[in-house]
Amino acid sequence: MTEFAFTLLGQDGAARRGRITTAHGTAQTPAFMAVGTAGTVKAMTADQVRATGSEIVLGNTYHLMLRPGADRVAALGGLHRMMDWPGIILTDSGGFQVMSLAKLRKLDEIGVTFRSHIDGSAHHLTPESSTAIQHKLDATITMAFDECTPFPATPDEAAASMRLSMRWAARSRAAFTPRPGYAQFGIVQGGIYPDLRAESAAALTALGFEGYAIGGLAVGEGQPAMFETLDATTPLLPATSPRYLMGVGTPDDLLGAIERGVDMFDCVMPTRAGRTGRAYTARGVFNLRNARFGDDATPLDPACTCTLCTRHSAAYLHHLFRCEEMLGPMLLTGHNLTYYQALMHGARTAIEQHRFAAYAAAARDGWRQTHD
């Protein structure tokens, strides 16, 4: 039986090159995880997601418990079978929705009572029920239930939120059913306050999770504050476990976090941008709705291997978006995810060759070419 494991294969400064082994296969790190909130990466088939180089996808406890329901997913063979993804699946615990649905929820020590954004029906989510739902979904990696501390928050507000999350983390850990090749990650909270982050990291490592996430960032604090928080936090997490920065981010965010010892990332940014005409490329970010692309017969990104860049022109993509054809978002989503995965592949190679700083500098120089 395969045991869950993180193997450190190389290091360049704080940047780490590793491999995650699970019951559902392996993933190379640094890794960007495609977001499949409701059991699908929007605008893409599972084969298309695989073609981008993605090895892990995300599902979301909150959305899947509402539709189609955890029991129904389990009856259909679990999320892997239902969405045609036999590989690794990580499920968010619903903690981010606890923050984002503030007007629809009531929070107490036990958990969160909230009303569905779909039909207004009442639901209750606790560390125990969140963990049980993720078990029914058959998540390879289960996330502890937490409250994502909003920004801005005073030190007292951040401390109270973090300590509640740590009590919930202990309950999540107790509710988790260990199985070979499966894992549960704790989530470090504490806002932008280093002492609170240290307290949170110590509480989680004492519980002995298989991996550790850093939550509560990319919520408005800005990149400098995020990087300062990572500088203070990642050294406190076990070197033998994967480190996951939740909900981040831009390509520049990813490189900066890798420089600070982060192994795993997820963000809706590349897929959401793909649906709205924004392209991530080696030359920067472009808006394909702009008229200047109307006669551009060249590929969007000549260095890219995706279907869009190898078979179509930027002008064709511009045309699709101007005509509101669904193929436009499909092609551009595939391109953006391919670009993100290529960035991660390049980072892994650079770390192995001890030239990550030069790789990151060259990527940033390329992005400065953008004219949008």
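A cut-off of 5 Å between modelled amide H atoms, ignoring neighbours fewer than 5 places along the same chain, links Asp146 with Gly95. Here the peptides 277-289, 133-145 are ranked by packing, the mean other Cβ count within 10 Å, and the order with the highest first is 133-145, 277-289.
Separation of segment 316-372 and segment 289-309, taken as the distance between their Cα centroids, equals 12 angstrom. Among Arg81, Arg243, sorting on how many other beta-carbon atoms sit within 10 Å of each Cβ, with the fewest leading, yields Arg81, Arg243.
Legend note: in the chain, cysteines whose Cβ sits 4.7 Å or more from every other cysteine Cβ are Cys148, Cys267, Cys306, Cys323. For Trp367, Trp85, the sequence from fewest to most other C-beta atoms within 10 Å is Trp367, Trp85.
Of the residues Met33, Met162, the one with the fewest other Cβ atoms within 10 Å heads the list, and the complete ranking is Met33, Met162.
Rounded to the nearest whole Hz, the Karplus-based 3J(HN,Hα) values (6.51 cos²θ - 1.76 cosθ + 1.60, θ = phi - 60°) of segment 87-92 follow the sequence x, 6, 10, 10, 10, 5, with x at glycine and proline. Relative contact order, whole percent, for the chain stands at 18, derived from Cα pairs under 8 Å and 6 or more residues apart.
Only one of the listed values, [x] 67, 41, 39; [y] 59, 47, 46; [z] 79, 55, 34, was derived from the coordinates as Cα extents along the principal axes in Å; which label is it? The value matching this structure is [y]. Relative to the compact-globule estimate of 2.2 N^0.38 Å, the Cα radius of gyration of segment 274-367 comes out at 1.15.
Ignoring solvent entirely, what values of log10 I(q)/I(0) come out of the Debye formula for segment 55-191 at 0.10, 0.12, 0.13, 0.18 Å⁻¹ when each Cα is a single scatterer? Results for segment 55-191 at q = 0.10, 0.12, 0.13, 0.18 Å⁻¹ read -0.32, -0.46, -0.54, -0.99.
Only DSSP H runs of four or more residues enter the estimate; each adds -39500 (n - 2.57), and after division by the residues of the chain the mean residue ellipticity at 222 nm equals -12500 deg cm²/dmol.
Restricting to the chain, what percent of DSSP beta bridges are antiparallel, rounded to 5? Could you put the intermediate results ahead of the total?
Numbers: 24 of 48 bridges.
Antiparallel: roughly 50 percent of the beta bridges in the chain.
Only alpha carbons enter this Debye calculation for segment 192-302, each as an equal point scatterer, and the log10 of I(q)/I(0) it gives at q = 0.10, 0.11, 0.19 Å⁻¹ is -0.39, -0.46, -0.96. Rounded to the nearest whole Hz, the Karplus-based 3J(HN,Hα) values (6.51 cos²θ - 1.76 cosθ + 1.60, θ = phi - 60°) of segment 75-83 follow the sequence 5, 8, x, x, 5, 4, 6, 4, 9, with x at glycine and proline.
Less than 5 angstrom separates the built amide H of Ala31 from those of Met264, Phe265, all sequence-distant by 5 or more or on a different chain. All Cα-Cα separations within segment 1-43 were binned at 10 Å from zero, giving a P(r) of 25, 37, 29, 9, each value a whole percent of the pairs.
Taking the Cα centre as origin and putting +1 on Lys and Arg beta-carbons and -1 on Asp and Glu beta-carbons, what dipole magnitude results for segment 5-267, to the nearest 20 debye? Let's see the in-between values first.
Numbers: 21 positive and 26 negative charges, 147 e Å.
Charge dipole, segment 5-267, about its Cα centre: 700 debye, nearest 20.
Computed from the coordinates by the stated procedures, all read-outs in this text should not be read as laboratory data. Computed from a predicted model, the values in this text were never measured in an experiment. Quick reminder, even Gly has a Cβ in these numbers, built from the backbone with ideal geometry, and neighbours come from all protein chains shown.
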